[in-house]
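The values are calculated or read from the model by the stated rules, or taken from the named source; none is laboratory data. Predicted model, so just to flag it, every value in this text is computed and none were measured. Counting neighbours? That spans all protein chains shown, and the Cβs are built from the backbone with ideal geometry, glycine included. The area values use the complete protein model at the heavy-atom level, side chains included, leaving out ligands, DNA and RNA. Shrake-Rupley method; radii C 1.70, N 1.55, O 1.52, S 1.80 Å.
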Amino acid sequence: MAIEKILKDDASEEKGERARMASFVGAIAITDLVKTTLGPKGMDKILQSTGRGHEVTVTNDGATILKSLHIDNPAAKVLIDISKVQDDEVGDGTTSVVVLAGELLREAEKLVAAKIHPVTIISGYRMASECARNALLQRVVDNKENAEKFKSDLMKIARTTLSSKILSQDKEHFAQLAVDAVMRLKGSTNLEAIQIIKKPGGSLKDSFLDEGFILDKKIGLGQPKRIENAKILVANTAMDTDKVKIYGARVRVDSMSKVAEIEGAEKEKMREKVKKIMAHGINCFVNRQLIYNFPEELFADASILAIEHADFDGIERLALVTGGEIASTFDNPESVKLGHCKLIEEIMIGEDKLIHFSGVEMGQACTVVLRGASHHVLDEAERSLHDALCVLSQTVNDTRVLLGGGWPEMVMAKEVDELARKTPGKKSHAIEAFSRALVAIPTIIADNAGLDSADLVAQLRAEHHKEGCNAGIDVISGSVGDMAELGIAESFKVKQAVLLSAIEAAEMILRVDEIITCAPRKREDRM
């Protein structure tokens with residue numbers, strides 16, 4: 001008698017070899033997709049959505065590319081997840097982490113084919129990653145005592161991060177901008193306080209950093225154009241009840257004068273509300289919703305600056321930066337926290353008028369205004385700047401710095417190789433494979449720059465056998481260069497996150513020996 005099937009008819013399962021093959025193939029395909037974006041000479045991808053308007057994104061930010069893919073392969077999804085986590089945790093290294101995990105799997109595939117059990121491979125990888133991390137820890141530089149040196153470290157990191165992005169042409173300018181913005185945060189990693197405004201027009205070079213806060217709004221009619229020592233009430237309340245708006249209700253009146261009475265009553269209500277708001281002793285009122293003409297008149301008469309429709313992100317930030325809180329009822333003025341700033345004025349950027357708040361409570365707040373040729377350029381510039389800001393704010397907290405340009409990978413690979421020689425048994429194969437996966441990163445950086453990677457990596461290997469060597473790949477001159485002289489640096493925190501996430505993802509995929517795919521739900525015919 002046939003064994004009863006456990007799974008439903010349409011569910012499929014793949015066992016052992018086949019499941020592992022499916023995982024490897026998926027993961028390696030994802031790696032091959034993003035690995036061309038790695039390094040200073042990496043290429044960009046154009047992503048076109050299938051939604052309305054077929055929006056186009058041009059980017060080389062690993063997490064952004066992977067986020068936009070719709071993928072069925074479970075192993076590929078694991079890699080996409082690690083790139084997302086890397087993006088949320090440290091903000092940069094999203095491509096590296098996927099590439100490293102993919103290379104680890106590529107190596108593991110060969111080992112599995114050579115009949116080495118996945119668990120053996122995993123324990124070898126574990127030992128290797130421990131060893132690699134220690135190798136990095138011994139070589140970190142920490143300049144937190146020396147402010148000057150630390151600042152130059154930050155500049156180096158910013159330049160390095162930006163050199164693989166669209167901003168690489170003006171990386172001096174933007175590195176300075178990013179470092180200034182992060183130094184203002186004084187060690188907090190709350191990037192909320194750094195606001196980025198994108199205004200098409202001009203070139204990327206025209207971007208600038210402005211202390212204070214800029215709200216992308218115009219100042220209403222007949223209102224003061226500049227206010228000193230502003231007391232700001234940030235609110236989220238309806239200021240449009242001075243007209244009759246009774247939804248879905250029917251009012252029977254015998255004459256037009258009755259309608260006028262209702263209008264009058266509504267107006268009176270509005271006037272009361274405005275009085276309550278004025279009772280807070282403010283001279284600037286920012287509302288998230290509309291402000292109709294009548295209350296606007298009242299505010300203008302009292303020479304209070306009223307700003308309407310401040311978008312959500314803007315208003316949340318404004319409250320945070322000016323030290324106020326968002327209010328929605330105005331009955332007891334004493335319990336409302338007002339925001340303060342020294343000066344509010346209207347400024348022009350390109351064609352647009354914006355409102356500038358300077359001298360805000362939260363000293364660390366600032367606004368970066370990005371200019372650029374088109375929306376695509378601006379979006380990508382914002383992503384690049386965001387990566388740089390993330391890395392810098394992490395580095396301010398954890399001040400350990402490494403050289404870049406494939407140097408850390410070579411350092412780790414050398415140590416891991418030594419470990420492989422000492423380790424008996426099959427594990428040594430796995431440890432060797434780990435070192436090969438690490439070397440893949442400098443190889444890819446060189447390949448993307450169109451250099452002869454085999455030759456360069458062999459040279460690097462030889463260099464790294466000398467003590468205290470700083471060699472890495474200098475893509476500009478196309479040779480092996482001294483990373484310390486070139487000022488190419490990376491944050492230790494980012495590298496460590498890349499290493500640990502990649503090994504965990506690879507391990508997770510390696511442990512798989514069966515993939516069960518559920519049967520899709522059938523559509524019932526409702527006819």
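Listed values, structure above:
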| item | result |
| --- | --- |
| Cα-centre dipole for the chain with unit charges at Cβ (Lys and Arg positive, Asp and Glu negative), debye to 20 | 620 |
| Distance in nm between pseudo-label sites at residue 71 and residue 228 (7 Å out along the Cβ direction from Cα) | 5.9 |
| Local net charge near residue 300, Cβ-Cβ under 13 Å (Lys/Arg +1, Asp/Glu -1) | -3 |
| With every protein chain in place, the stretch 424-485: carbon and sulfur % of accessible area (1.4 Å) | 49 |
| Assigned charges on the beta-carbon of Lys, Arg, Asp, Glu; the stretch 213-362 dipole about Cα centre (debye) | 260 |
| Average accessible surface area per residue within the stretch 42-180, 1.4 Å rolling probe, Å² | 47 |
| Residue 120 accessible area, assembled protein chains, probe 1.4 Å, Å² | 40 |
| Options 134, 154, 300, ranked by Cα towards positive dipole end of the chain, top entry (Cβ charges) | 134 |
| Cα-based convex hull volume of the stretch 45-94 per residue, rounded to whole Å³ | 76 |
| Where the stretch 213-362 is the region considered: accessible area per residue in Å², 1.4 Å probe | 54 |
| The stretch 315-432 pair-distance distribution - Cα-Cα, 10 Å bins, rounded % | 10, 20, 24, 17, 12, 10, 7, 1 |
| Residue (of 16, 431, 508) at the positive-pole extreme of the chain, dipole from beta-carbon charges | 16 |
| Computed log₁₀ I(q)/I(0) - Debye formula, equal Cα scatterers, no solvent, the stretch 447-517, q 0.20 Å⁻¹ | -0.96 |
| Carbon plus sulfur fraction of accessible area for the stretch 213-362, probe 1.4 Å, in percent | 50 |
| Counting all C-alpha pairs of the stretch 1-154, share separated by more than 22 Å (%) | 59 |
| Alpha carbon convex hull of the stretch 85-228, projected area averaged over orientations, nm² | 14.4 |
| Centre separation in Å (Cα based) which lies between the stretch 46-62 and the stretch 158-193 | 25 |
| Rounded accessible area per residue of the stretch 374-477, 1.4 Å, Å² | 38 |
| Inter-part distance where the stretch 86-104 and the stretch 377-455 are each reduced to a Cα centre, Å | 10 |
| The chain: DSSP helices with Cα axial extent of at least 18 Å and average Kyte-Doolittle hydropathy no lower than 0.5 | 16-34, 94-113, 427-448, 492-510 |
| Proximal charge balance of residue 102 [Cβ under 11 Å; K/R count +1, D/E count -1] | -2 |
| Violating pairs (Cα-Cα greater than 25 angstrom) within the set 15/84; 35/151; 171/198; 84/218 | 15/84; 35/151; 84/218 |
| Solvent-free Debye scattering, log10 I(q)/I(0), computed from the Cα coordinates of the stretch 213-362 at q = 0.14, 0.18 Å⁻¹ | -0.67, -1.01 |
| Estimated FRET transfer efficiency (residue 511, residue 462; beta-carbon r; R0 35 Å; 0.05) | 0.40 |
| The stretch 1-90 - Kirkwood radius from inverse mean 1/r over Cα pairs (Å) | 15.6 |
| Taking the C-alpha atoms of the chain, convex hull volume expressed per residue in Å³ | 230 |
